[in-house]
Structures are given as structure tokens and as C-alpha cells.
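The values are calculated or read from the model by the stated rules, or taken from the named source; none is laboratory data. Fair warning: this is a prediction, and the values are worked out from it, not measured in the lab. Cβ coordinates were reconstructed from backbone atoms using ideal geometry, including for glycine residues, and neighbour counts include every protein chain displayed.
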Amino acid sequence: MSTLAREECESDEECEAEGGEFRTAPAGVHEIHANLMIAHLDFADFADAAEAAPDGVFRSL
């Protein structure tokens, strides 16, 4: 997964293969931001955590 913007992709298929999205609770935003800033975790780690959650929403690691 990546954080490519739609306009950075050559096609919709490329964006679907390269990028993704997931939902987060408001409290999870700070954890995501902090870990991305220090390169401790990447976007895929958070997307995987959201996918593993029963409701599909990232809350915390």
C-alpha cells in the first residue's frame, strides 16, 4: 500500500494495486501520524491492523 494521490497514478488499476485506504477512529490519527513521521511503521502496517479489526477500523496497535 502507499499514499499515492489519485492524480499520481497512471490508471485506476495502478492506484488500486498500489494504494489503499482504511478507516480510523479519531484517537488513532495521532498514533498513525507519529509513527509515519519517525518511520517506525509504514502505511501498510496500519492498513493491516484495520483489516484485522472486527469492524475494519484502526483504533490502536
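One table, with the values for the structure above:
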quantity	calculated
Residues that are within 10 Å of L61 (Cβ to Cβ), surrounded by 17 or more Cβ atoms within 10 Å (Cβ to Cβ) and either of a type in the set (A, V, I, L, M) or out of contact with any Phe, Trp or Tyr (no Cβ under 9 Å at 6 or more places or on another chain) (or both), drawn from the range 25-50	I32, A49
Near pairs, Cβ below 9 angstrom, 6+ apart or cross-chain, from the range 38-61 (under 13 Å from F22 (Cβ atoms)) to any residue that is of a type in the set (V, I, T) and crowded, with 16+ Cβ neighbours inside 10 Å	F43/I32; F46/T24; F46/I32; A50/T24; V57/T24; F58/T24; F58/I32; R59/T24
Any hit, the range 19-34, residues being part of a helix (DSSP H, G or I) and at pLDDT below 90	no
Restricting the range 35-57 to residues that are closer than 23 Å to E8 by Cβ and outside any helix (DSSP H, G or I), the residue that is nearest to the chain's Cα centre (by Cα)	D42
